[in-house]
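Take a look at the structure below.
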Protein chains: 2
Amino acid sequence: MRDLGEFGLIERIERLAGRARSAGVVLGIGDDAAILRLAAGEDLVVTTDAAVAGVHFRLDQEPPRLAGRRAAVGCLSDLAAMGARPLAMLLAFALPATTAAATALGLVRGVVHEARRAGAALVGGNVTRAREISLTLTALGAVRRGRALRRDRGRAGDRLFVTGTLGRSALERARGRVRAAGAARITAGRRLAGVRGVGACIDLSDGLAADLWQLARASGVAARLDPARLPLPAGFAAACRRAGHDPLRLALAGGEDYELLFSVRPSGPGAGELGRRLGVRVTEIGRLERGRPALRGIPAGPRGWRHF
Amino acid sequence: MRDLGEFGLIERIERLAGRARSAGVVLGIGDDAAILRLAAGEDLVVTTDAAVAGVHFRLDQEPPRLAGRRAAVGCLSDLAAMGARPLAMLLAFALPATTAAATALGLVRGVVHEARRAGAALVGGNVTRAREISLTLTALGAVRRGRALRRDRGRAGDRLFVTGTLGRSALERARGRVRAAGAARITAGRRLAGVRGVGACIDLSDGLAADLWQLARASGVAARLDPARLPLPAGFAAACRRAGHDPLRLALAGGEDYELLFSVRPSGPGAGELGRRLGVRVTEIGRLERGRPALRGIPAGPRGWRHF
């Protein structure tokens, strides 16, 4: 960074940002703020997420570009959980002056890669010196008024569904392997927002148990899981046992699945129709029940990722 | 933080956030993302800014609440520079597990104080463990379509104006004193966006010389300053000399003034009328001229704050 300098880095970021575009951008990087335009009848959805070196990624264990991609997927996944159309991202980038330019630019390239894939432009950000590397991302999207998916919309009687499979990222982490970047469920989320009978929705970032607890708590209901129905990747149980891990525990508490967990009213579609409409595997894994917020049907304990 | 925990801190932040409200908020803290609604004919303005302990604030030298206020002012000032009406802020908060709860909550209280004063709600954020404390803020505002103030709208012939006075924060820092939080020029910026004949606008965060350079570069013109006309606080020159500092250098390169620097076409109003309309002191300090982007009329050298 001493060679490139703050303004040199910003110029490189501006150039990389040119690779990701979005129709809703009136003014991108380069002014005091960016300007975005929504379509008529749309609301704005906004979320922020931080990835810190040594906590969320380790540059001695994975290439910078992959770490940048995973950071972006984590943030974009929150837009997916709201059923939003991605518009733009901002990157607040903190890094020591001793950071290699290739490392800094690799992280940015990873963010731009995922922004572009999601249809979001990189419209702004901030570069600052710090003792450790961190990427703080803000993602902005648009959703039709009143159609955003929310975690507090579950009701007793709803069936619970999840997209894709659970536990792959947790197993990779448990084995000390490089985790794949995965992908935020942007398209599935947008399609889900148009399905009649959908209740609550949340994305799986902290692990199924922790995120289902958040959904149950926000909705004021209990949640019952059927552990035998959890969708695991092919060969997952055997790989877990070889590595000395409990497959159920990894699937429940692993985190970074970035799948969508949602509830559907009894009158709504089943897993087969949901899978066809969302374009992704959908599995029924339990239901919401009357009672104080609680998780039922699974062993107590696994509550997912805690920072403190 | 070990006592309060991540979720305990988030709950306290949610409670503090209840003190700052905004009419445009459809859904605030608590879901995967916040939902905001603009009025008809408005565009969204969004900016992000980071404040890192040891770089932007020092908790051994100022109370956490003041550091939080200064971080928020720095971010909101970018909305002021666009002429935007503040809607909401998000706070990505990184902190070591050893951070005292009073320190963490003091920083948040400072942010909420300034958000409230600007009319913005705290609608979301993120808490993560890190080796050093940092606050990354995102500010969102609304502006009438096509009426945002921009730094690239200056033309040769425009007169240059600045609100308030310059150098106070730089002098306080140079003397090792606690800096006041100041205030973002929100009202002045919004009113300025309605003045006919306004050219470019930027806020003064890095120092007059550095920020005027950005305005000149973005507008593709040269800028000439008249150093004798720079508005200095009462007693500033004497205080600088007592402290062994050059008043002109501090006024040009000091940073964190959070005043607005803007240009006005020859046909537009003068300093007196601008001051009355904006409700703040306005001083004419130079003009934009034909030529490649450059600063004229001041000694070479002071280019403001550089992070690397």
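Checked against the criterion of being surrounded by 19 or more Cβ atoms within 10 Å (Cβ to Cβ) and within 14 Å of chain B (Cβ to nearest Cβ), region A:154-173 has at least one qualifying residue.
Total residues in region A:55-84 satisfying the condition of being under 24 Å from A:ALA100 (Cα atoms) and more than 7 Å from chain B (Cβ to nearest Cβ): the figure is 18.
Say whether the condition of being on the phi > 0 side of the Ramachandran plot and not in a helix (DSSP H, G or I) is met by at least one residue in region A:126-135. No - not one qualifying residue is present in region A:126-135. Taking the criterion of being basic (Lys, Arg) and farther than 19 Å from B:GLY182 by Cβ, the residues of region B:115-151 that qualify are B:ARG129, B:ARG131, B:ARG144, B:ARG145, B:ARG147, B:ARG150, B:ARG151. Here B:GLY279 fulfils each of the conditions (1) touching a Ser or Thr at 6+ places or on another chain (Cβ under 8 Å); (2) modelled with pLDDT of 95 or more; (3) surrounded by 14 or more Cβ atoms within 10 Å (Cβ to Cβ) apart from (3). Filtered by the rule that a residue be closer than 14 Å to A:GLY207 by Cα and among the β-branched types (Val, Ile, Thr), region A:255-281 gives no residues. Taken over region A:13-32, the criterion of being touching a helix residue (DSSP H, G or I) at 6+ places or on another chain (Cβ under 9 Å) and either among the basic types (Lys, Arg) or modelled with pLDDT of 95 or more (or both) is satisfied by A:ARG19, A:ARG21.
In the set (1) at pLDDT below 95; (2) assigned to a helix (DSSP H, G or I); (3) not acidic (Asp, Glu), the condition left unmet by A:GLN61 is number (2). The residues of region A:30-54 that are within 21 Å of B:GLY41 (Cα to Cα), more than 7 Å from chain B (Cβ to nearest Cβ) and not in a loop (DSSP other than H, G, I, E, B) amount to a single one, A:GLU42. Would you confirm whether any residue within region B:21-29 is at the interface with another protein chain (Cβ under 10 Å from one of its Cβ atoms) and either surrounded by fewer than 17 Cβ atoms within 10 Å (Cβ to Cβ) or assigned to a strand (DSSP E or B) (or both)? Within region B:21-29, one or more residues are at the interface with another protein chain (Cβ under 10 Å from one of its Cβ atoms) and either surrounded by fewer than 17 Cβ atoms within 10 Å (Cβ to Cβ) or assigned to a strand (DSSP E or B) (or both).
Only residues in region A:59-85 that are over 23 Å from A:GLU42 (Cα atoms) count as the first member; pair them with residues that are part of a helix (DSSP H, G or I) and β-branched (Val, Ile, Thr), Cβ under 6 angstrom, at least 6 apart or cross-chain, and list the lot. From region A:59-85, the pairs are A:PRO64/A:THR103; A:GLY68/A:VAL111; A:ALA72/A:VAL111. Residues that are assigned to a helix (DSSP H, G or I), in the same structural domain as B:VAL45 (by TED's automatic domain parsing), under 19 Å from A:VAL46 (Cα atoms) and touching a helix residue (DSSP H, G or I) at 6+ places or on another chain (Cβ under 9 Å) do not occur anywhere in region B:86-96. Looking at region B:101-132, which of the residues that are more than 14 Å from chain A (Cβ to nearest Cβ) and free of Cβ contacts under 8 Å to residues at least 60 places away in the same chain is farthest from the chain's Cα centre (by Cα)? Ranking the candidates gives B:ALA102 first. Going by the conditions given, is A:ASP43 in the same structural domain as A:THR138 (by TED's automatic domain parsing) and touching a Cys at 6+ places or on another chain (Cβ under 7 Å)? Criteria not met by A:ASP43.
The values are calculated or read from the model by the stated rules, or taken from the named source; none is laboratory data. Note that this is a predicted model, so its numbers are computed, not measured. In this analysis, Cβ positions are derived from the backbone assuming ideal geometry, glycine residues included, and neighbour counts consider all displayed protein chains.
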